[in-house]
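Take a look at the structure below.
Rule-based calculations on the coordinates, nothing more; no lab input. Please read these numbers as outputs of a predicted model, since none were measured by experiment. A quick note on method: Cβ atoms are made from the backbone with ideal geometry, for glycine too, and the neighbour counts reach across all protein chains shown.
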Amino acid sequence: MKKFLALTLAVGMSLSLVACSGGGTTEPSTAPSDSGAAVSDSGSSESTGGAQKIGISMPTQSLERWNRDGSYLDEQFKAAGYETIVTYSDNDTNRQVNDIQNMIAEDVDLLVVAAIDGEALNTVMNEAGDAGIPIIAYDRLIMNDNVSYYVSFDNYTVGTLQGQYIADTLDLENAAGPFNIELTAGDPADNNAPYFFNGAMDVLQKYIDSGKLVVVSGQTDFDTVATAAWDSQTAMERAQNVLASYYADGTQVDAWLCSNDSTALGVTQAIQSDYAGSNTVLITGQDGDEANLKNIVDGVQSMTVYKAVANEAVVTLDLAKAILNGDTIDESLISASGWDFDCTYDTETYNTSEGRNCPSFLLVPDVVTADNMVEKLVDTGYYTQDADGYLHPAA
Ligand code: GAL
């Protein structure tokens, strides 16, 4: 609720800014529109009214977090008086292209897109650019120069938090070791996935080089350990193969780096069904998915990296307003918006093509464990906690 209040206060603030790439109209947003609702992968929602119109393209509803992203974005933009079209494209890039083309045909004033495949939207991104529609790449960068700005969390830091958690928990600096570890990365089509993986490996590599950490399977390159569509079943089957091939002789696995919660869920299932060892395997994750938070309470998963997507939606809204107002956009948006959370303005890390930087607003991820989940997730209002101690999303 605090963030919604901050948003209301922020919306009233005037910003002296000039657009850095997406064009867009300069009329202020008009009367609030009626309600619409985020819907299943099979369709889309559309509200009616005279307000400026925002197209919100989410990749899927089969990965838990995107349901929250779509809902928060829909709520924030509607609360600020915009019409919205929200779609979920069932992790099917052809469908996402079609969904976005429909939004262009509906004359949206701005697009917010979380790409299924950051390399596969050129045609429709070019169509949006030709139509003068500014584009915010949401959470996952899109490799197209028509993208105006990028809003995400610091993806590399997500990975370093996971890697550092493993290093600290195993006390790799001081313990004798060696410890055995396996690696599960995300979707190779997702521009975020290498950042997560490299962030973790940049922490862990020195321990692997020194022999303190041993990847028994020898599978350490991203493409080998990647998981198409972030799919839990795919992650589970690969983990089962690794356990059968390298751990059936009683070898202990001490840790398993998983880049997010959906892959951690699959790895956890494989360990429960196919690992003969008696030790608790240290498993990392990301997103605070409900099933994974339960596993953390139960001691089956060790941590998750939480990203408050409610705040990511607030940044996206304030950035969209500045773009539509034709304002100059730089790091002053952060101080002018009055957000009650940290965000950095980055003009070096993310490029949409060779040599073209995409100015980015990056929020700060957080480590959540059984010890701090009430403070980080319940006290903040993101989740509720039941009598058994399990957490459930509040929104
Ligand atoms: C990433 C996203 C992560 C992760 C994954 C699956 O792009 O930043 O939160 O969960 O997709 O949705």
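Charge tally for THR251 (other residues, Cβ to Cβ under 14 Å; Lys, Arg +1; Asp, Glu -1): -4. Rounded to the nearest 10 degrees, the inclination of helix 309-324 to the longest alpha-carbon principal axis of the chain is 30 degrees.
Residues whose amide H comes within less than 5 Å of that of GLU182, counting only those at least five positions distant or on another chain, are ALA255, TRP256, LEU257 (H built at 1.01 Å from N in the peptide plane). Helix 261-274 axis versus longest C-alpha principal axis of the chain: approximately 20°, rounded to the nearest ten. Would you mind pulling out the separation of the Cα centroids of region 165-190 and region 97-117, in Å? Comparing the Cα centres of region 165-190 and region 97-117, I get a distance of 39 Å.
Where Lys and Arg each count +1 and Asp and Glu each count -1, what net charge lies around THR263 among other residues with Cβ under 10 Å from its Cβ?
Values: positive: ARG238; negative: ASP187, ASP231, ASP261.
After counting each charged neighbour, the total is -2.
Evaluating 6.51 cos²θ - 1.76 cosθ + 1.60 at θ = phi - 60° for every residue in region 344-349, the Karplus couplings come out as 10, 9, 10, 10, 10, 6 Hz, glycine and proline recorded as x.
Pairwise alpha-carbon distances in the chain exceed 32 Å for 34% of all pairs. Shown for the chain: lysine pairs separated by 8 or more places, or found on different chains, whose C-alpha atoms are under 30 Å apart, numbering 24. For region 114-124, backbone phi angles converted through the Karplus equation (6.51, -1.76, 1.60; θ = phi - 60°) give residue-by-residue couplings of 9, 6, 6, 9, x, 9, 10, 10, 4, 4, 6 Hz, Gly and Pro being listed as x. With contributions of -39500 (n - 2.57) from each DSSP H run of at least four residues, the per-residue ellipticity at 222 nm computed over the chain stands at -11500 deg cm²/dmol. In order along region 51-62, the Karplus-derived 3J(HN,Hα) couplings, from 6.51 cos²θ - 1.76 cosθ + 1.60 at θ = phi - 60°, round to 6, 4, 10, 10, x, 10, 10, 9, x, 6, 10, 7 Hz, and Gly and Pro are given as x. Here region 122-240 is treated with +1 on each Lys and Arg Cβ and -1 on each Asp and Glu Cβ, and its dipole about the Cα centre works out to around 220 debye. Among beta bridges from DSSP that stay inside region 245-390, the antiparallel ones total about 75%.
Taken about its Cα centre, the chain carries a charge dipole of about 300 debye when Lys and Arg each add +1 at the Cβ and Asp and Glu each add -1 at the Cβ. Along the chain, counting only GluC sites (Glu not before Pro) with a DSSP assignment other than H, G, I, E or B and at most 16 other Cβ atoms inside a 10 Å radius, the longest segment between sites is 174-330.
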